[in-house]
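Peer 1: One structure, as structure tokens, below. Some questions next.
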Amino acid sequence: MRTSRLFGYQQLHEGAVLITRQCRTVNVVRGQEQVSELLSALKSEDAQVVLSRYANGARRPPHRPGE
């Protein structure tokens, strides 16, 4: 069975990342720190889960050792 990809992304020339759901824009991530956080999460986790989280605006807080 083939799984469908609901979410996609495109890095824009000004450094922002456009997040789409079924070819419709749902969010734009701006700022060097936020963009680099998103791109590193895409490399280490399931892309559809990460994009879903960012599309809904609910990012996980950064991991803080010792807490």
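Peer 1: Contour minus end-to-end for N56 and L39, with contour as 0.36 nm per residue of separation and end-to-end as the Cα-Cα distance? Could you put the intermediate results ahead of the total?
Peer 2: On the way: separation 17, 0.36 × 17 = 6.12 nm, distance 1.65 nm.
Value of the extension gain: 4.5 nm.
Peer 1: Quote the FRET efficiency, to the nearest 0.05, computed for R5 versus R30 with a Förster distance R0 of 22 Å and r equal to the Cβ-Cβ distance.
Peer 2: E(calc), rounded to 0.05, equals 0.40.
Just so you know, all these numbers are worked out from the coordinates, no wet-lab data involved. Here the structure is a predicted model, which means the values were calculated and not measured. Because the Cβ atoms are built from the backbone with ideal geometry, glycine has one as well, and the counts that use them run over all protein chains shown.
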